[in-house]
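This report refers to the structure that appears directly beneath it.
The values are calculated or read from the model by the stated rules, or taken from the named source; none is laboratory data. Quantities reported herein were computed from a predicted structural model and do not represent experimental measurements. Every residue, glycine as well, gets a Cβ built from its backbone with ideal geometry; the counts of neighbours run over all protein chains shown. Just so you know, the surface numbers come from the protein's heavy atoms only, side chains and all, with ligands and any DNA or RNA stripped out. Shrake-Rupley method; radii C 1.70, N 1.55, O 1.52, S 1.80 Å.
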Amino acid sequence: MLEILPKFSELKTQTLEETLNTLIKSAKTEIEKAIPQKDLGLLQTIEDKQEMINRYFAPISALNAGKSSPELSAVYQHCLTTLSHFGTELLHHRDLFEALASIDENTLNETEKACLAYHLRDFKLEGVNLDQGTQARLKVINERLATLCHQFEENVRLSTEAFCLHIESKEKLSGLPASSLALCAEFAKQQGKPGYCVSLDFPIYYAIMQFADNRELRKTLYDAYSTRASNLSAHKDHDNGSLMIEILNLRQEMARLLGFKDYPEYSLKTKMAKDADEVLSFLTRLCKAVKPKAQEELETLKVFAKKHGLETLEAHDIPYYAEKLKQSRFSFSSEEVRQYFPAQKVVKGVFKTVGRLFALDFQAVEHADCMDESVTLYEVKSLSSETLAFLYVDLYTRQGKRQGAWMAECHNRHVFSDGSLQKPVAFLNCNFNPASNKTPALLTHDDITTLFHELGHCLHHLLTEVNLASVSGINNVAWDAVELPSQFLENWAWDFTVLTELAEHIETGESLPQTLFEKMQAAKHFNNGLFLARQLEFACFDFNLHLQQSIKTEADIQAVLDDARASIAVVKPPETNRFQNSFSHIFAGGYAAAYYSYLWAEALSADAFSLFEESDLFNKTLSQRYRKTILAQGAVKPMSELLKAYLQRETKPEALLKAYGL
Ligand SMILES: [Zn+2]
């Protein structure tokens, strides 16, 4: 079984491109040969060939993300371009599209039908079935959009970097924690100035907003931050105003050329939400429930601020007084919690917890060929000792590893045309602090939650029972539902019994005290109404903005934002606030007409978890049903159907509120 796994020690940068090119060439030839078949054979050939490329390239991507070098990175970029060209070429292959479209569906089983449908959808989203003139226009639009989105992001960056406030005396920065002061001192040093410099870089900006006693300073920073990349910024040459207008209009034009009513209809083609009405009613329902809670929290904050001598609480005062109120209510530090969680004990406990939940056994493989000696390969077995999958677990930061935590596929579960079954393999990556000379690696509670989260993604990939790569595991799962299994599993990181099994104080050997856990829970729910109100404001703004058929001026954009604020915001920002000009998620990232996805996926996972909450966290019937109806199914059926089969009822967005303690 192990021989099918990638051999990291044998990966040679020099031959990567050549091997990839050979695989692509063979894929092209075989697919071309299969076109006249116009049956399952053609679909199977595409799936086989794409998976062969994927399983070759996935470990290279993993290495580039986990332990990169300048040589590898350069070759990797080339390979990405080659792969992207290959993908585009396939999706613009009209004969291939027509051959696939003529496959008789009655000859296919459910999995094959779903697989074919995704392929055809992707061809259509590229406009393969349109006339040449339209295709040419689409190409121009796509290229222009890529440039504009890149420019948008650049303007945000340049506008952020253009701000620098020099402060000589430490007194003016009173309230700031030592670590933030050090950042400001370091920044001053870079600028060749004595004392401190304050920037709009998020860690510094947010530390000022939360901790700086100097109200004037907070206002200055707030104003600079909230006018970035706008004509109200002190640096007007990075204004995103006209870019936003052009981006929005081009997106609408593209959607219409592809046969959609508007951009949201296009965006929802790859989502679980079926239409704009469903998204809007989801958001409206949440707005109604959240607004009174947010209002209450704001009132509490106002009273607290007044007690501390502040007459009127403004937007630039909120993080500061919220932090003070939080400190006065629950005083504990993440450092304190961390002393209870040695990484080794936690990892063992997490696998035991998940094993108990889904009847699995995670066994570390000795002497596995991994990219680094700190990586562990696990064999994932059923309780009857059948090998189901493999998982690489890479927990710690290291030179050449990208930031954050993520899951990546290595092999997709797939049955090739010769009948051989390839079992799924995944990579789980985190960036925890490694052990030092003095102490073993210790995890914060955030780290533990992250570990459960990423493991949730991995299980979705590893416990699939689907036999065609592009619909197995996480592949082609609706974009707004991908975070369901990960957020779902996070809940086990918030169970006291589970945590006590992971805990062992580094000095005293004690388990986690209940009182500390209760403080952690209370802090988790602190000001969640205000947080959700803000997320809803962003989501409503994004979705309604993309519903507009024509945006002519910046005032049109502002009007949509003002509407969103009128319906949900409890904190009224000043007139000068130009948040939209730096809203990269929707103008430069992948969240256009999709910002709602954050809340959507959270609502789904909260709803899925509510069944366990109502019974018990290790209810075997429930966990088996969850595994069979959701984790095993890949993208063969729409997530709405899978969820209904698991819940045995319709979904309830309000489950989200309970999860937030509201
Ligand atoms: Zn995730």
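For (1) among the basic types (Lys, Arg); (2) touching a residue at least 60 places away in the same chain (Cβ under 8 Å); (3) closer than 23 Å to Val477 by Cβ, each residue gets a yes or a no:
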site	(1), (2), (3)
Leu83	no, yes, yes
Leu90	no, no, yes
Arg94	yes, no, no
Asn106	no, no, no
Ala117	no, no, yes
Leu120	no, no, yes
Lys139	yes, no, no
His150	no, yes, no
Asn155	no, yes, no
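Residues that are of a type in the set (Lys, Arg) and surrounded by 15 or more Cβ atoms within 10 Å (Cβ to Cβ) were ranked within region 289-343; the one that is farthest from the chain's Cα centre (by Cα) is Lys302.
With respect to the conditions (1) open to solvent by less than 30 Å² (accessible area, probe 1.4 Å); (2) without any contact (Cβ under 8 Å) to a residue 24 or more places away in the chain, Pro70 falls short on a single one, namely (1). Scanning region 226-248 for residues that are part of a helix (DSSP H, G or I) and open to solvent by less than 50 Å² (accessible area, probe 1.4 Å) yields Ser226, His238, Gly241, Leu243, Met244, Ile245, Ile247, Leu248. In region 480-496, the residue that is farthest from the ligand (Cβ to nearest atom) out of those that are among the hydrophobic types (A, V, I, L, M, F, W, C) and more than 12 Å from the chain's Cα centre (by Cα) is Phe496.
Determine which member of the set Arg649, Arg625 is out of contact with any Leu (no Cβ under 6 Å at 6 or more places or on another chain), at pLDDT 95 or above, not assigned by TED's automatic domain parsing to the domain that holds Lys274 and not in a loop (DSSP other than H, G, I, E, B). Outline the logic, then answer.
Values: Arg649 fails: not in a loop (DSSP other than H, G, I, E, B).
Exactly one of Arg649, Arg625 is out of contact with any Leu (no Cβ under 6 Å at 6 or more places or on another chain), at pLDDT 95 or above, not assigned by TED's automatic domain parsing to the domain that holds Lys274 and not in a loop (DSSP other than H, G, I, E, B), namely Arg625.
Assigned to a loop (DSSP other than H, G, I, E, B), away from the ligand (no atom under 16 Å from the Cβ) and touching a strand residue (DSSP E or B) at 6+ places or on another chain (Cβ under 6 Å): does that describe Asn476? Criteria not met by Asn476. Only one entry of Thr439, Thr500 meets the criterion of being among the β-branched types (Val, Ile, Thr), more than 16 Å from the chain's Cα centre (by Cα) and modelled with pLDDT under 95, and that entry is Thr439.
Ala389 is checked against (1) away from the ligand (no atom under 16 Å from the Cβ); (2) in a strand (DSSP E or B); (3) open to solvent by 10 Å² or more (accessible area, probe 1.4 Å); (4) aliphatic (A, V, I, L, M) and fails just one. What number does that condition carry? Evaluating Ala389 over (1) away from the ligand (no atom under 16 Å from the Cβ); (2) in a strand (DSSP E or B); (3) open to solvent by 10 Å² or more (accessible area, probe 1.4 Å); (4) aliphatic (A, V, I, L, M) leaves (3) as the failure.
For region 464-471, indicate whether the set of residues that are within 16 Å of the ligand (Cβ to nearest atom) and assigned by TED's automatic domain parsing to the domain that holds Pro424 is non-empty.
The initial filter retains those residues of region 464-471 that are within 16 Å of the ligand (Cβ to nearest atom), namely none.
No: region 464-471 contains no residue that is within 16 Å of the ligand (Cβ to nearest atom) and assigned by TED's automatic domain parsing to the domain that holds Pro424.
What number of residues in region 410-448 are within 16 Å of the ligand (Cβ to nearest atom) and surrounded by fewer than 19 Cβ atoms within 10 Å (Cβ to Cβ)? Residues meeting the conditions: 2.
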